[in-house]
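Notes to accompany the following structure.
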There are 2 protein chains.
Amino acid sequence: VARQKVAVLAGGVGAARLVRGLVPEVRAEDVTVIVNTADDETFYGLEISPDLDTIVYTLGGVAPPRRGWGLAGDTTHALEAARRFWPDSWFRLGDGDLATHLYRTARRRDGTPLSTVTAEIARAFGVRSRVLPMTDAPVRTRITTRRGRDLAFQEWFVRRRARDAVARIRYRGLVRARPAPGVVEALRAADIVVLPPSNPFTSLLPILGVRGVRSALAGARARRVAVSPVAGGQAIRGPLGRMLAAKGLPVSPLSLARLYRGLVDGWVVDESDRAEIPALERLGIAVVAADVSMPTIARSRAVARLTLRFARSIGCQRGPRT
Amino acid sequence: VARQKVAVLAGGVGAARLVRGLVPEVRAEDVTVIVNTADDETFYGLEISPDLDTIVYTLGGVAPPRRGWGLAGDTTHALEAARRFWPDSWFRLGDGDLATHLYRTARRRDGTPLSTVTAEIARAFGVRSRVLPMTDAPVRTRITTRRGRDLAFQEWFVRRRARDAVARIRYRGLVRARPAPGVVEALRAADIVVLPPSNPFTSLLPILGVRGVRSALAGARARRVAVSPVAGGQAIRGPLGRMLAAKGLPVSPLSLARLYRGLVDGWVVDESDRAEIPALERLGIAVVAADVSMPTIARSRAVARLTLRFARSIGCQRGPRT
């Protein structure tokens, strides 16, 4: 495989599924993953970055094959003991996972930026790719429900299992956030940028909302490809289907393509959405259809390989590439 | 048993051994334990109060029967994972124990005083006695070794197993420390004050050094009894023997009695130290000799019962008691 620099924008599970397939297909050192931090939260006094940890654990080969969080084979003895003190706690943490949060929290209290701590954590797990938080500033997704409740993201997503209809979503602190060191540089240097099948509203739009990130992606010399998070009129996982429907948008690749208009050159859509190809092509987007489900590592590798091959194959809508 | 208020000054293991025998002999609600906090320390970003926890776990019935710290039957999975981040770590923490430190740290970061947090932790473990830190202010024991090294207490005691000869011991922050709410009141209200077989230098003298504590004890209406931490010319546990010897003091109840002069009405000494009784009595101290070892709960109860009976039996050197 020719050495090509790959940048990935990442949320949690959907991104991890693609990333675990990507790294065997390109040199790990050539991959930079730019991760959403708008769903970070403090629990049990610990600074927790769920998406960063999911990506680091995935790249470190210690993520569970199915569950979307924590370490494979972890125990929960500390959590069970913590119920003495937090009887209403609902955020789950494994014992080994806890060490990561202890370290992040201790380092952050010393004034170390999240990006530095993340690099240290990634190194401790033997990760050779670069893992960057989108920003070192605190950004927090808030959900206003149809019933008018204002919920922290994790409360809506984990505690209430994303069942409340969403009226509005805000990213508190986003207007003041600057990209973490390396984020814009990675987008500029990339040969390929991948938008994995993450939820745009909860994961990728916060990243794109960090000052300078959208314009860096819009002006990138890279070929920019997205993998569809929907298939056959349904979200592959999570609340995306209901979130699109609540906005009056069809649950289709076309809705996603419009959200990322001007930022993506090619879409990998599910075979079940072949009928959408002409409409996508009318937007000037290259399209390939394939099975985009990634329940196994083998499927992740297949989708990643196809995505990279597709990226290399597509011409650039905005002039020739170097 | 007649209801009598008992106050105990406490360090870690030695105190816990007596306290576990004391509570079955008097109503738990009538006992106040005033605990040394000069060996508190921050590890893994967590605020750890070893002596407070040992006393709370002991009174909560969850302490291991032999080991002097942590919870019975605890695992150490988080600690093992933490070695990724702190490869040189030497302070041991169990997973369940960790929850206590998480809670203390989170509450302290909110600005809650240690005494309030300690009461909450004690309640969470079902403790009906009162457990008070000696002070809400930070006090830290520092050890200057004969070789001129300046060590934090835990580094000297745990990491280096107390093997460095001690030239000097300081209690940093002690001059500014005020007693925690309830400390002086408990000493004034007590019918009996017990000084358990704790190390004076590392445990009881810091408590007595908190402003107003020594004078409250000196002026207390209580009968004040101490249980000897030495037997037959040796410390029952820990570095006390070497610490006394380094000061040129014999390892004998008499050395201890002189340290606490004016603060103790009666001493429970080990049978092996019967020969010291006349010298102690010449100091105006009542003495009883017994087996003071407490390797089992039965032995702890026997020593506690004898100590209470002895306290009730002795007259007051400073006039009649109510």
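None of the figures in this text is laboratory data; all of them are computed from the coordinates on show. All values derive from a computational prediction rather than experimental measurement. Positions of Cβ are backbone-derived with ideal geometry, glycine not excepted, and every protein chain shown enters the neighbour counts.
Annotations
- Gyration tensor (alpha-carbon) shape descriptor, segment A:269-310, a/c threshold 1.5: oblate
- Computed from the C-beta positions of A:Thr145 and B:Glu80, the FRET efficiency with R₀ = 30 Å rounds to 0.15.
- Shown for A:Gly148: label points 7 Å from Cα along the beta-carbon vector, and their distances to the equivalent points in the other copies, 7.3 nm in ascending order.
- FRET efficiency for A:Ala298 and B:Arg109, using Cβ-Cβ distance with R0 set to 41 Å, rounded to 0.05: 0.35
- A straight Cα-to-Cα reach below 15 Å connects B:Lys5 with the aspartates and glutamates B:Glu25, B:Glu29, B:Asp30, B:Glu185, B:Asp191, residues fewer than 8 places away in its own chain not being considered.
- In chain A, helices alone account for a calculated mean residue ellipticity at 222 nm of -9500 deg cm²/dmol, with every DSSP H run of four or more residues adding -39,500 (n - 2.57).
- Residue-count net charge about B:Arg176 - beta-carbon cut-off 14 Å; Lys, Arg +1, Asp, Glu -1: +4
- Segment A:75-115: proportion of alpha-carbon pairs further apart than 13 angstrom, %: 59
- On full extension, the segment bounded by B:Arg160 and B:Arg258 gains 32.4 nm, given 0.36 nm per residue less the C-alpha separation.
- 24 Å tail of the calculated P(r), chain B, as % of Cα pairs: 52
- Whether segment A:95-228 is rounded, prolate or oblate, judged on the alpha carbon gyration tensor where a/c under 1.5 counts as rounded: oblate
- Value of Rg to Rh for segment B:41-173 (Rh from inverse mean 1/r over Cα pairs, i.e. Kirkwood): 0.97
- For A:Arg109, the distances from its label point to the matching points in the remaining copies are 0.7 nm, ordered from shortest, with each point set 7 Å beyond Cα toward Cβ.
- A simple count of charges around A:Tyr103, restricted to other residues whose Cβ falls under 12 Å of its Cβ and scoring Lys, Arg +1 and Asp, Glu -1, yields +2.
- Calculated label separations, A:Lys247, copies of the chain, 7 Å along the beta-carbon direction, nm: 7.3
- Percentage, to the nearest whole number, of Cα pairs in the protein assembly as shown over 51 Å apart: 30
- Considering only beta bridges that DSSP places wholly inside the protein assembly as shown, some 40 percent are antiparallel.
- Degrees between helix B:114-124 axis and first principal axis of chain B (Cα, 0 to 90, nearest 10): 90
- Judged by the ratio a/c of the largest to the smallest principal axis of the C-alpha gyration tensor, segment A:165-275 counts as oblate, that ratio being 1.5 or greater while a/b is no larger than b/c.
- Rounded D (µm²/s) - segment B:234-322, Kirkwood Rh over Cα pairs, Stokes-Einstein at 25 °C, 0.890 mPa s: 174
- Extended-chain gain in nm, criterion 0.36 nm per residue less alpha-carbon gap, A:Arg176 and A:Ser215: 12.4 nm
- Taking Cα atoms only, the orientation of helix A:50-59 departs from the longest principal axis of chain A by about 70 degrees.
- Between segment A:177-231 and segment A:53-121, the Cα center-to-center distance that results, in Å: 25
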